[in-house]
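Only the coordinates and a few stated rules stand behind these numbers; no lab work does. These numbers were taken from a predicted model, which means no experiment stands behind them. Virtual Cβ from ideal backbone geometry, glycine too; neighbours counted across all protein chains shown.
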Amino acid sequence: MNSLRTLNKYFYKYKYLLILGMIFVISSNIFALFLPQLIRIGIEQIQVYLPFTYNFKGLGISSLYIDWVILLLAVISALIVITTLIRGALMFAMRQTLIVMSRHIEYDQKNELYNHYQNLTSSFFKRNSTGDMMSRISEDVSRVRMYVGPSIMYVSSFITTFVLVIYSMLVINPYLTFWTLIPLPLLVYSIYTLSRIVNVKSEKIQKILSDLTTSAQEAYSGIRIVKGYARDEQIQQEFEELAADYRVKSLSLARMESFFRPLMLFLIGTSTLLAIYIGGLEVAKGRFTAGNIAEFVVYINMLTWPVYSLGYVVSLVQRAAASQKRIDEFLKIHPDIVSGKRYKIDTIESIRFENVTLTYEDTGITALKDVSFEIKQGEKVAIVGKTGSGKSTICELLIRNYDPTSGKIFINGHPLDEIESISFRAMYGYVPQEVFLFSDSVKNNIRFGRPTASDEEVIYYAKAASVHEDIESLPRKYDTIVGERGVMLSGGQKQRISIARALIKDPSALVFDDCLSAVDAKTEHHILSNFEKEWKNRTVISITHRLFTVRDFDKILVFEGGRLVEQGKHQDLYDKGAHYFDLYQLQIHEEVE
Ligand SMILES: Nc1ncnc2c1ncn2[C@@H]1O[C@H](COP(=O)(O)OP(=O)(O)OP(=O)(O)O)[C@@H](O)[C@H]1O
Ligand SMILES: [Mg+2]
């Protein structure tokens, strides 16, 4: 439960709402106490005056007494209505303060988590699944809200009801109080045990449900593979098994839950019975009035709901504690890369790698070994090499998703870790190997690179990325919505839209990570040769597997197993007859032009 202490700062922030809420809780419970007392007074009055009406029958006075009793009862009823209305208003105010407070806290906590996510580095996002992060920010936060709202409301109301009701009972008759409360501990215990079982069961069901959803979701998003491999039946069978399991567990939960009410009614019934029986004996002894019995019965009923909700509240609190613990675990993770402060840059004049080695911590793979090179403004540089040779890792380092394990990177002569991250990231037009499009229109996806760009500019850069004609042939052209994975588009179209997004940023340096792989060779050549004209003083770093498209580049860096084995111009490298030559020979047969 310690983890819930983290929330104290929020309670402090919303202390006025909390205090006000508590005042409403207590006052609404005080008003609830009027009901049994008014009922007792009513019954007592009837008891007192009714005999008169019989005794004086036929004397003409009886109707006077009857009128008097009716008047008294009318007044008492009116008082019951008024106190109940006031109580209702107070309960409304209690919800308005405490539940509203919990919504405020939920909002603050969501924002805190979201901001924290924003500051974390890509290694964090690789370690934790999207689903995990989503459930922290939605499910866990809402469970914590259930604690700060309903739980606090119920618990405080529960305690005040308990204290007030038991005190009132004791004042009237301790002996009867003792007897009627005997079943109560049993009730609390059994409800608590039952709700624990129910909780365990429902957690399991929750888990199966999420498996079920994941299984369905995977089957749908991978439907082409499923069908293509003719695995429909097997997948369906797996789903059916999960669903059957879900049904069995849900039924067993429902059976458990069906015990709740009867058990509670039984124990409360026992209490009521005891109140009436022992109360009756007390009345006979003259220590008690019939009105007192009615009052007691109402008191017992007032205790029912708090006891009933106890198990539920306990489980809410336990869940909230577990959720808060998970949230705290996330909040405790510090970004392993903190933006530098010393320098700000507004253009990239040079990029220099000095003996850079990078070992990925989680896999222990050394992706780059002792790499040194320099890129000057306006240079067109190609990075080539076999798959897994460390090309993408260069990009990760350039935008500082990772810091080198040893060695240093400089931009404009400043160490990368002393430059404000935002300032140099803004200088890059980076197109990653795995393109990503937002669920938005094509236009907005391109404009993401520079939100202020006009429609004409969007079209201009779409043309530069050779994707304008493709977009024009879409049903709603630039307004076509592309799904989360850009479902309606081909791989090459997605890649070129991402390129347009990078170009429209008008960046100092373009970094293309194999982002023309799904484009035919001719189009790739067309796009790259555009750079010669349009992007003369822009630096271009292009990772590619098609060597002949970068023959005219100023510099080619050849990687092998994480080492930079060769660098230079196409002709020089080719003439050397070593690594580059071998790569080139392998590809020569594929050349299409
Ligand atoms: N985030 C990561 N965490 C751990 N290891 C990684 C990570 N990214 C890459 N690696 C490993 O580093 C090595 C180099 O990977 P990299 O992605 O840089 O290769 P690449 O040259 O871009 O390959 P490809 O041409 O297939 O894209 C690989 O062995 C890969 O498994
Ligand atoms: Mg790569």
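Tabulated data
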quantity: Proxy reagent accessibility, fewest Cβ within 10 Å first, across Thr480, Thr539; calculated: Thr480, Thr539
quantity: Estimated FRET transfer efficiency when R0 is 41 angstrom, pair Gln377-Asp520 (beta carbons, to 0.05); calculated: 0.85
quantity: Total charge dipole magnitude, segment 433-506, about the Cα centre, Cβ charges on Lys, Arg, Asp, Glu only, Debye to nearest 20; calculated: 120 debye
quantity: Mean ellipticity per residue at 222 nm, deg cm²/dmol - from DSSP H runs of n ≥ 4 across the chain, formula -39500 (n - 2.57); calculated: -21000 deg cm²/dmol
quantity: Two-site label geometry, Phe438 and Leu212: point separation in nm, points 7 Å out along Cα→Cβ; calculated: 3.5 nm
quantity: Acute angle (nearest 10 degrees) that the helix 455-464 long axis makes with the longest principal axis of the chain, alpha-carbon atoms; calculated: 50 degrees
quantity: Between helix 183-221 and the chain: long-axis angle, C-alpha atoms, 0 to 90°, nearest 10; calculated: 30 degrees
quantity: Inter-probe distance in nm under a simple model that places probes 7 Å from Cα toward Cβ, at Thr387 and Lys13; calculated: 4.8 nm
quantity: FRET E, pair Leu251, Ser350, Förster distance 60 Å, beta-carbon r, rounded to 0.05; calculated: 0.30
quantity: The chain - convex hull of the alpha-carbon atoms, volume per residue in Å³; calculated: 233 Å³
quantity: Stretch gain in nm, segment Arg95-Lys325, where the contour uses 0.36 nm per residue and the Cα spacing is subtracted; calculated: 80.1 nm
quantity: Most positive-pole-ward Cα, Asn537, Ser508, Tyr12, against dipole of the chain from beta carbon charges; calculated: Tyr12
quantity: Listed residue pairs exceeding 24 Å between alpha carbons, taken from Lys522/Lys576; Lys204/Lys332; Lys369/Lys555; Lys344/Lys569; Lys443/Lys505; Lys201/Lys227; calculated: Lys522/Lys576; Lys204/Lys332; Lys344/Lys569; Lys201/Lys227
quantity: Proximal aspartates and glutamates relative to Lys285, as straight alpha-carbon distance under 17 Å, when same-chain residues fewer than 8 apart are discounted; calculated: Glu44
quantity: Cβ-defined net charge surrounding Asn401, 15 Å radius [Lys, Arg +1; Asp, Glu -1]; calculated: -3
quantity: Fewest-first sequence of Leu85, Leu510, Leu120, Leu331 by Cβ atoms within 10 Å of each Cβ; calculated: Leu85, Leu331, Leu120, Leu510
quantity: Rounded to 10°, Cα long-axis angle of helix 521-534 versus longest principal axis of the chain; calculated: 80 degrees
quantity: Test item: Cα-centred dipole of the chain, Lys/Arg +1 and Asp/Glu -1 on Cβ, debye; calculated: 2380 debye
quantity: Full-extension gain in nm, Ile223 to Thr363, via 0.36 nm per residue minus C-alpha separation; calculated: 47.3 nm
quantity: Segment 433-506, relative contact order [Cα under 8 Å, separation at least 6], %; calculated: 52 percent
quantity: Order by protection proxy (mean Cβ within 10 Å, highest first), peptides 222-229, 143-150, 111-118; calculated: 143-150, 111-118, 222-229
quantity: Global geometry of segment 433-506, whether rounded, prolate or oblate, following the gyration tensor of its Cα atoms and the 1.5 cut on a/c; calculated: rounded
quantity: Contour excess over end-to-end distance, with Cα ends at Leu85 and Asn401 and 0.36 nm allotted per residue; calculated: 107.6 nm
quantity: Mean separation of Cα contacts under 8 Å, 6 or more apart, over the residue count of the chain: relative contact order %; calculated: 14 percent
quantity: At R0 = 60 Å, FRET efficiency that the Cβ-Cβ distance of Glu44 and Glu241 yields, to 0.05; calculated: 0.35
quantity: The chain: antiparallel DSSP beta bridges as a percent of all, rounded to 5; calculated: 50 percent
quantity: Value in Å of the Kirkwood radius, where segment 145-289 supplies the Cα pairs that are averaged; calculated: 19.9 Å
